[in-house]
Amino acid sequence: MKNFIKLDTQNTSLVFFVAEDGRFSVVHYGKKVLGDNFLSESALEILNANSAVWNFSASSDDLYGQPTIVSSVGDGNAMEQLLRVENEDGSFVNRFVYDSHEFIEGGVTFDGLPGARKPLKTLVIRFVDEFAKLTLEQFYSVFENCDVIAVNQKITYTGDKSVKLNRMMSLQLDLFGTEYDCVSFHGAWCRERFRKETHISSGKFQVQSLSGTSSAMTNPFFILKDCYSGKNFAFNFVYTGNHSEIVESHFSEGNTRVLVGINDACFEWTLNNSESFVTPQAIMVCADNEKEITAQMHKFVINQIVDPYFAHKNRPVLVNNWEGTAFDFNAEKLVGIAKKAVEIGAELFVLDDGWFGKRDSDRCSLGDWFDNVEKLDGGLKNVADKIRALGLDFGIWVEPEMINEDSELFRSHPEYAMAVPGREPIRKRNQLMLDLVNPEVQQYLIDEIGDVIERSGAVYVKWDSNRFMSDMYSPTLNNMGEYYHKYILGLYRIIDALKKRFPTVLFESCASGGARFDLGLLYYMPQTWCSDMTEPWHRVHIQEGTLYGYPQSAIGAHVTAWSNNTIENRFNVVSLGAFGYELDLTKCSDEEIAIMKKQIEYYKKHRELLQFGQYVLLDSVFDDRKTSSWAIFGEDKSEAMVFIGETVELWNTATTKWNFTGFDDNAIYEMEVRSHFNVDEKFAYKGEVSGSVLNNCDLSFGNLFTQEQRSGLFTTNLTTRLIYFKKKA
Ligand code: DGJ
């Protein structure tokens, strides 16, 4: 059965069939099919691998409905295409025919692009369009102990004129059937990654970003659920720029096509003789349910995307001054906050926006990465040293990709700003973007930001980006169709150079909150600020939405003063991430300081579990029940942290029941509810309970919330508890 190509992951198989005439089809993507010679001639027929035997027409030209992984304009297929090329003869027609394939050990790396770090093996499939002088190579990589498959494409032009790529996606997968539910994640500033569900039955559904960034509006991660087989598929894109995820259900063919890749809006890439274009990597996984999808994604992100130096490293408890002071601070103020940070047990102090140039508002100085000596009483090093002398590490905020017109940089290099010559650009947050396509600008940032890190001795860098693109133009480009992608390549080049120079510095990306939560940036920066929204009820939505595809260690999550909910509820909600406080600690009461101290003690005790345990969503906040709960399990289910939260709408009801899952049925667990300062100790109860009861019974937790909900102590709507479980020996 040499015409079959089977790629196995730990629990799944992806199987292709190559017909005698070179046509290529997908015959299976799902649970693992055992053995190498697994298909008999009749299996071939019942799998519809060679649909000539099924189709009423015997002509192979009529078989355009075959599920496949390559499609182009004019190939007899009537659906959205993987690639669109303007050929050297001006035609748009391509027909790629299977040429060869091979399995190679490990993976293939492509300079300048982030991608999975340690593939076990890679299936390389070559397709050729001889007429158009194009070769297409597809790479399918698999990984140890994981079901994710990473896919990308390399297209090469072998003629001696030139062709233009008008679309070059990273992944195509045709799935069987036409009834799918798509779960995708959408939002805005302070409302990032809300779960939305769309039924797709016929026609096209597209998730996309056109802002030049991965965006808060639409995340590239999505789940696709086959309404008939129950299979769950999920896809993501290792990329930070404009993306497009297309799901097209084709009723007449009985298939649904999935495409993931760079958005083709304003995309046009020229290939001259022997030149290639390599797409960023897309990833896909098939699993039984959403919980398994999440487990697979978390495992993959931690082991394959995040820098191995940080992948399993505990993240420090930090105090950031932004929500406490905004631009209004001086050295004394910062040191005052830092002293309190030491008192509560924090490990890292982060100096946010406002320390450079003459920046006292968001109207000036972006681009001027020199110290505001007056504000910092001598300079960055001075403040950083004072803070270090207190026993804290020092971290710094930068927003490298931006420029204010009121800056030294703009006055000396107006051409560094992203703007169309002669045209008034759009300002967002009073700022313009820098033209990162220009290698001179890239080098300026590598040097300047490198110098900031060097002279401050920062061990942590918050890399912010507070607007998206509007005036794409670079004097260094002939073809502006290359702008969006070359900007992202420029960004990656800068961060990569800084990472190489400072390999042990922890970078956290941020974009007006969480507007760039993507695998491209996570490859360079192990964590991402999830959202500026820290009010608990709203925050649980954003965190749950993010956690479907990204692990908790990647999520920057802070307690702030943005809420009138109690500090205990605020802590419980954000305790599962890379945790910190963003308050003016000098304004907090002694009681609040004492509470924060206890919270940090608790967090540090369970940090490993909270940051790196296996997260399981128990109760989605996106249904109508007004509740939220999750569990995080340690290895072998030996311990777990459970979060439960319900809104005030449910107060004084005896009806809220919690349903847990994932505990060891045969074990007894010691359980302890974390105590809250404003709640009687009797509600911080301890006890023993079997895993079987936890897994199988409706749990009410008695009147755990009643006192707090009746006390009038809080005026907002979410009451929460953390409950810790430890397996008895
Ligand atoms: C937006 C970020 O989300 C905030 O945390 C803060 O860093 C501000 N930018 C600073 O301008």
For this session: Give me the pairs, please: first residue somewhere in segment 525-543 and within 17 Å of ALA561 (Cα to Cα), second residue anywhere and assigned to a helix (DSSP H, G or I) and more than 14 Å from the ligand (Cβ to nearest atom), beta-carbon distance under 6 Å, and either six or more positions apart or on two chains.
Result: CYS530/THR546; PRO536/ASN569; PRO536/ARG570; PRO536/VAL573; ARG539/VAL573; VAL540/VAL573
Problem set entry | Check on GLU245, surrounded by fewer than 22 Cβ atoms within 10 Å (Cβ to Cβ) and of a type in the set (Asp, Glu) | no
For this session: Specify which of the listed residues (TYR140, TYR98) is in contact (Cβ under 8 Å) with a residue 40 or more places away in the chain, farther than 26 Å from ILE302 by Cβ and in the same structural domain as ASN289 (by TED's automatic domain parsing).
Result: TYR98
Exercise. So which residues in segment 280-333 are of a type in the set (Gly, Ala, Ser), closer than 28 Å to GLY490 by Cβ and touching a helix residue (DSSP H, G or I) at 6+ places or on another chain (Cβ under 8 Å)?
Worked result: ALA311
Exercise. Name the residues in segment 325-353 that are within 16 Å of the ligand (Cβ to nearest atom) and either touching a Cys at 6+ places or on another chain (Cβ under 9 Å) or open to solvent by 20 Å² or more (accessible area, probe 1.4 Å) (or both), would you?
Worked result: ALA326, PHE327, ASP328
Seminar exercise, completed: In segment 354-366, residues that are among the acidic types (Asp, Glu) and away from the ligand (no atom under 11 Å from the Cβ) total 1
Problem set entry | Test: ARG607 is outside the structural domain of ILE644 (by TED's automatic domain parsing), open to solvent by 10 Å² or more (accessible area, probe 1.4 Å) and touching a residue at least 40 places away in the same chain (Cβ under 8 Å) | yes
For this session: Determine which member of the set GLU582, GLU646 is at pLDDT below 95 and either touching a Cys at 6+ places or on another chain (Cβ under 9 Å) or surrounded by 20 or more Cβ atoms within 10 Å (Cβ to Cβ) (or both).
Result: GLU646
Exercise. Any residue at all in segment 486-494 that is over 24 Å from the mean Cα position of the chain (by Cα) and either away from the ligand (no atom under 16 Å from the Cβ) or modelled with pLDDT of 95 or more (or both)?
Worked result: no
Seminar exercise, completed: The residue from ASN479, ASN466 that alone is at pLDDT 95 or above, of a type in the set (S, T, N, Q) and closer than 21 Å to ASN320 by Cβ is ASN466
Problem set entry | Residue list for segment 404-418, restricted to those being more than 15 Å from GLY357 (Cβ to Cβ) and in a loop (DSSP other than H, G, I, E, B) | MET418
Exercise. Quick check, is VAL301 part of a strand (DSSP E or B), hydrophobic (A, V, I, L, M, F, W, C), touching a Pro at 6+ places or on another chain (Cβ under 9 Å) and buried (at least 20 other Cβ atoms within 10 Å of the Cβ)?
Worked result: no
Problem set entry | Qualifying position, being over 25 Å from CYS286 (Cβ atoms) and under 27 Å from the mean Cα position of the chain (by Cα), among ASP129, ASP174, ASP111 | ASP111
For this session: Output yes when any residue across segment 405-417 is hydrophobic (A, V, I, L, M, F, W, C), within 16 Å of the ligand (Cβ to nearest atom), under 30 Å from PHE349 (Cα atoms) and open to solvent by less than 10 Å² (accessible area, probe 1.4 Å), and no when none is.
Result: no
Seminar exercise, completed: If we ask which residues in segment 420-436 are away from the ligand (no atom under 16 Å from the Cβ) and buried (at least 21 other Cβ atoms within 10 Å of the Cβ), their number turns out to be 3
Seminar exercise, completed: Over segment 201-253, the set of residues in a strand (DSSP E or B) and among the β-branched types (Val, Ile, Thr) is VAL207, THR218, ILE223, ILE246, VAL247
Exercise. How many of the residues making up segment 137-183 are in contact with a helix residue (DSSP H, G or I) (Cβ under 9 Å, 6 or more places away or on another chain) and more than 19 Å from LEU82 (Cβ to Cβ)?
Worked result: 7
Exercise. Do the conditions hold for LYS500, that is, is it without any contact (Cβ under 8 Å) to a residue 24 or more places away in the chain, assigned to a helix (DSSP H, G or I) and more than 16 Å from the chain's Cα centre (by Cα)?
Worked result: yes
Problem set entry | Lone qualifier among ALA667, ALA631, ALA640 - being under 27 Å from ALA729 (Cβ atoms) and within 21 Å of the chain's Cα centre (by Cα) | ALA631
Problem set entry | segment 517-532, subset aromatic (Phe, Trp, Tyr) and not in a helix (DSSP H, G or I), residue nearest to the ligand (Cβ to nearest atom) | TRP529
Problem set entry | Residue that is most open to solvent (accessible area, probe 1.4 Å) [pool: residues in segment 206-222 that are out of contact with any His (no Cβ under 9 Å at 6 or more places or on another chain) and of a type in the set (A, V, I, L, M, F, W, C)] | LEU210
Exercise. Would segment 458-478 turn up any residue that is away from the ligand (no atom under 13 Å from the Cβ) and buried (at least 24 other Cβ atoms within 10 Å of the Cβ)?
Worked result: yes
Problem set entry | Residue among GLU544, GLU482, GLU508 that alone is within 16 Å of the ligand (Cβ to nearest atom) and of a type in the set (Asp, Glu) | GLU508
Exercise. Can you tell me which residues in segment 491-541 are within 18 Å of ASP353 (Cβ to Cβ), open to solvent by less than 10 Å² (accessible area, probe 1.4 Å) and of a type in the set (Gly, Ala, Ser)?
Worked result: SER509, ALA511, GLY513, GLY514, SER531
Exercise. Which of the residues that make up segment 658-700 are touching a residue at least 12 places away in the same chain (Cβ under 8 Å) and charged (D, E, K, R)?
Worked result: ASP664, ASP665, GLU670, GLU672, ARG674, ASP680, LYS686, GLU688, ASP698
For this session: Could you check segment 89-158 for strands (runs of 3 or more DSSP E) lying wholly inside it with 2 or more residues that are aromatic (Phe, Trp, Tyr) and crowded, with 20+ Cβ neighbours inside 10 Å?
Result: 134-142
For this session: State whether one or more residues within segment 310-322 are more than 16 Å from the ligand (Cβ to nearest atom), more than 27 Å from LEU519 (Cβ to Cβ) and buried (at least 19 other Cβ atoms within 10 Å of the Cβ).
Result: no
Exercise. Is at least one residue of segment 145-163 out of contact with any strand residue (DSSP E or B) (no Cβ under 9 Å at 6 or more places or on another chain), assigned by TED's automatic domain parsing to the domain that holds TRP269 and within 30 Å of ALA311 (Cα to Cα)?
Worked result: yes
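The values are calculated or read from the model by the stated rules, or taken from the named source; none is laboratory data. All of these numbers come straight from a predicted model, not from anything done at the bench. Cβ coordinates were reconstructed from backbone atoms using ideal geometry, including for glycine residues, and neighbour counts include every protein chain displayed. Accessible surface is based on the protein model in full, side chains and every heavy atom, while ligands, DNA and RNA are left aside. Shrake-Rupley method; radii C 1.70, N 1.55, O 1.52, S 1.80 Å.
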